[in-house]
Amino acid sequence: MRIDVSQAQQYDKDNGTNFLQKIISDLSEQTGLSFSINKGFLEYEKDDDGNALISTDQNGDPMGSSISRDLIKKGIDHKETGKFSLVNSGGSHGMGLNFQVDVNQTESFIAGTGSALNKKTMGFGMMFTHEFLHTDIGIGKLHGREANEWGRIGSVGNIMNGIRKQMGSDYGERHSYLSVGLNGKSHIPFDLSNRQLLYQQIQGRIKRGILYPTLSPIRGKYISY
């Protein structure tokens, strides 16, 4: 009834890194929960009655996203145990009871986040949550048409955008699961203006077979990696 993070602990130990702690820090902010690791398993702190301890703001309101909080609680309290891993190649993904975050891919997302967008919108906590959703202890949904069609988000993407909305406008809203390659980088739009710019780039390729470098997102909310 917990999430096994022992491989991630070992990864950090072997590589002298602290990626698991970055994930826990992000998750605490995004869920309002306090986490600990007990014998290699991720747990959230509870009060004496077994209820989750949720951080509150100065007005006494719960902090973080209620969507993210309920999802992660559900995963930790699930009758089956999920296994989480850190890798440095091959991409992030989840299926069955296993999910993983590619640390190099995630760091490239963070480094390529535009100045108007919160760097955690595709940071370690959000990537953990995204891949967790694909598992059987999440919602058990893999990517469908959105993996091949521009402008689609899919079930997991919609939930992640719901979390972003609750976290604040600086988290943006992802407007396409697919990215567009331009000038040696891939671009993901997180506002409507960048979605339109990238759509025009796609149309230019289809109709005329030419690229328009000026259509690369240069302002607003986007990630280029």
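Readers should treat all values here as calculations from the given coordinates under stated rules, not as data from a laboratory. Owing to the predicted nature of the structure, the values given are computational and were not obtained by experimental measurement. Positions of Cβ are generated from backbone atoms using ideal geometry, with glycine treated the same way; all protein chains shown enter the neighbour counts.
With a 10 Å radius around each residue's Cβ, average the other Cβ atoms per peptide and rank 133-142, 78-87, highest first.
Sorting 133-142, 78-87 by mean packing, highest first, produces 133-142, 78-87.
Only Lys, Arg, Asp and Glu count, each charged at its Cβ (+1, +1, -1, -1), so figure out the dipole size of the chain about its Cα centre, rounded to 20 debye. Show your work: numbers first, answer last.
Values: 25 positive and 24 negative charges, 246 e Å.
Roughly 1180 debye, rounded to the nearest 20.
Under 37 °C and 0.692 mPa s, how fast does the chain diffuse according to Stokes-Einstein, given a Kirkwood radius computed over C-alpha pairs? Answer in µm²/s, whole number.
Details: Rh = 18.3 Å.
Estimated diffusion coefficient is 179 µm²/s.
Based only on other Cβ atoms within 10 Å, what is the fewest-to-most ordering of 23, 159?
Working: 23 26, 159 20.
By the 10 Å Cβ count, ascending, the order reads 159, 23.
Going by a ≥ b ≥ c, the root eigenvalues of the Cα gyration tensor, does region 2-134 fall in the rounded group (a/c under 1.5), the prolate group (a/b larger than b/c) or the oblate group?
The shape class here is oblate.
Using modelled amide H (1.01 Å from N, peptide plane; none on Pro or chain starts), what sits under 5 Å from the amide H of residue 85, excluding residues fewer than 5 places away?
Those qualifying (amide H under 5 Å, at least 5 residues apart or on another chain) are 99, 100, 101.
Collect residues whose amide H, placed 1.01 Å from N in the peptide plane, falls under 5 Å from the amide H of residue 63; neighbours closer than 5 in sequence don't count.
Those lying under 5 Å, H to H, from residue 63 are 55, 56, 57.
If each DSSP helix of 4+ residues adds -39,500 (n - 2.57) and the sum is divided by the residues in the chain, what number results at 222 nm, nearest 500 deg cm²/dmol? List each step's numbers first, then the result.
Working: 7 runs with 85 residues, N = 225.
Value at 222 nm, helices only, nearest 500: -12000 deg cm²/dmol.
Taking H placed 1.01 Å from N in the peptide plane, check which residues at least 5 places from residue 182 or on another chain put their amide H under 5 Å from its amide H.
Here 187 satisfy the definition.
How many angstrom lie between the Cα centre of region 150-189 and the Cα centre of region 1-34?
Computed from Cα coordinates, the inter-centre distance equals 24 Å.
In sequence order, what are the phi-derived ³J(HN,Hα) couplings for region 168-176 according to the Karplus relation 6.51 cos²θ - 1.76 cosθ + 1.60 with θ = phi - 60°, rounded to whole Hz, with x for glycine and proline?
x, 5, 6, 7, x, 9, 5, 10, 6
Give a residue-ordered list of calculated ³J(HN,Hα) values for region 119-130 (Karplus: 6.51 cos²θ - 1.76 cosθ + 1.60, θ = phi - 60°; whole Hz; x for Gly, Pro).
After applying 6.51 cos²θ - 1.76 cosθ + 1.60, I find 5, 8, 5, 9, x, 5, x, 5, 5, 4, 5, 4 Hz.
Taking θ = phi - 60°, what integer Hz values does the Karplus form 6.51 cos²θ - 1.76 cosθ + 1.60 yield along region 159-164, in sequence order, with x for Gly and Pro?
5, 4, 5, x, 5, 4
Pick out, from 162, 138, 109, the residue whose Cα sits farthest towards the positive end of the charge dipole of region 66-180, with +1 on the Cβ of Lys and Arg and -1 on the Cβ of Asp and Glu.
Of 162, 138, 109, it is 162.
Using a 10 Å cut-off around each Cβ, can you sort 182, 27 from fewest to most neighbouring Cβ atoms?
Sorted ascending by nearby Cβ count, the order is 182, 27.
For the chain, what does the relative contact order come out to in percent, with C-alpha contacts under 8 Å and a separation of six or more?
Values: 435 pairs, mean separation 38.2, N = 225.
Relative contact order of the chain: 17 percent.
For residue 23, what is the net charge nearby, where nearby means another residue's Cβ is under 13 Å from its Cβ and Lys, Arg count +1, Asp, Glu -1? List each step's numbers first, then the result.
Details: positive: 22, 120; negative: 12, 26, 29, 102, 107, 131.
Here the count lands on -4.
What FRET efficiency would be calculated for the residue pair residue 49, residue 77, taking the C-beta separation as r and a Förster radius of 22 Å, to the nearest 0.05? Show your work: numbers first, answer last.
Working: r = 15 Å, r/R0 = 0.68.
Given R0 = 22 Å and the Cβ-Cβ separation, E is 0.90.
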